[in-house]
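Let me begin by presenting the structure, written as structure tokens, before commenting on it.
The values are calculated or read from the model by the stated rules, or taken from the named source; none is laboratory data. A quick note: this is a predicted structure, and the numbers were derived from the prediction, not measured. Heads up, the Cβs are rebuilt from the backbone with ideal geometry, glycines too, and the neighbour counts pull from every protein chain shown.
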Amino acid sequence: MTFTIGILLALGCALTTNIGFLYKHRGACAAPPVDFRRPLTTTRRLFSSKLFAAGMLIAAGSWILHISAMALVPLSVVQAVLAGGVVLLAIMAERMLGCCIGRRQWVGLGMTAFGLILLGVSLPAVHGSHSRFSVPGMIAFEAGLIVAGTVLIIGPRIGAPAHHHAVMLGAASGILFGVSDIAIKALSGMVGAHGLTGLLSPWLLVTVAASIVAFFTSASSLQDSAPVPVIAVTSTAATVSGIVGGIVVFGDPLPANVVGMLVECTAFVLVVFAAWLTPAPSRAAGLGTAAA
């Protein structure tokens, strides 16, 4: 029963997350550009947009559903359920924003969803919340994600094409959301074992810091890109980070046979290829404005 409730909470999170993202996209496009050097002013300007504020309110509800789901079932299972939201994203973007989703994007989204779901269902059955973790493994994995997110944020400064920066910011946001999710999963186990004193942990600071940086990078990516590609990349990066984190940090089991391992490898290849395929090849800023 607990497992079923966790799955239902994850499904609710998948739906509300994408609705919140679409509202935030339209609101962010109506606000002045994000200025990382003036975080308070940028925050005030973003929240002055009613649509962005509504999107953040929906996202807050989604976050509560996400935390609740992670407290009940393994992280990799939650992330696999969230993968289905990628296809919902395209449908909602057409209905809510009147976006025109091209064939290339539909193929990319379909491959992403199929790959992520395949990755999730190929994992062996698990019981319990799987909140125990190795501290050295946690530190190493979180540090690796933070380095990867940082590289994506500063991409153009180290030679990456500037016209891909919006998608890179979206990927960085997803990775940092993954950092936050993994830290929250650890905190849920500590709270379960020690009560509210479990919150007195450095992982709470990691959660807050990663969430703040992800907030600004996500808003900037939404301003500079069509909604579907950048939201899909953000969701995919967060999902993959969470699934791998569940395996590496919390010991979620891997398939015990060759077929299962081949299925998981195929799923990862599909997700990586789809991440390249989904973003539109032309500069996204104009598309984002048109879609808004």
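Looking at the range 201-239, which of the residues that are among the β-branched types (Val, Ile, Thr) and surrounded by 24 or more Cβ atoms within 10 Å (Cβ to Cβ) is nearest to residue 269 (Cα to Cα)?
Let us first name the residues in the range 201-239 that are among the β-branched types (Val, Ile, Thr), namely 206-208, 212-213, 217, 228, 230-231, 233-234, 236, 239.
Checking which are surrounded by 24 or more Cβ atoms within 10 Å (Cβ to Cβ) leaves us with 217, 228, 230-231, 233-234, 236, 239.
Numbers: 217: 26, 228: 21, 230: 19, 231: 20, 233: 15, 234: 17, 236: 13, 239: 15 Å.
Once the filter is applied, the top-ranked residue is 236.
Of all the residues in the range 177-232, those that are in contact with a helix residue (DSSP H, G or I) (Cβ under 6 Å, 6 or more places away or on another chain), of a type in the set (A, V, I, L, M, F, W, C) and over 22 Å from residue 72 (Cα atoms) number 10.
May I ask you to verify whether residue 173 is among the polar types (S, T, N, Q) and either under 14 Å from residue 241 (Cβ atoms) or at pLDDT below 85 (or both)? So residue 173 fits the description; yes. Annotation: of all residues in the range 18-52 being of a type in the set (S, T, N, Q) and exposed (fewer than 15 other Cβ atoms within 10 Å of the Cβ), the one that is farthest from residue 217 (Cα to Cα) is 48. Put simply, of 210, 226, 214 the only residue that is touching a Gly at 6+ places or on another chain (Cβ under 9 Å), of a type in the set (Gly, Ala, Ser) and modelled with pLDDT under 85 is 226. Selection of the range 209-264 for residues being closer than 20 Å to residue 165 by Cβ, part of a loop (DSSP other than H, G, I, E, B) and of a type outside the set (D, E, K, R) yields 225, 226.
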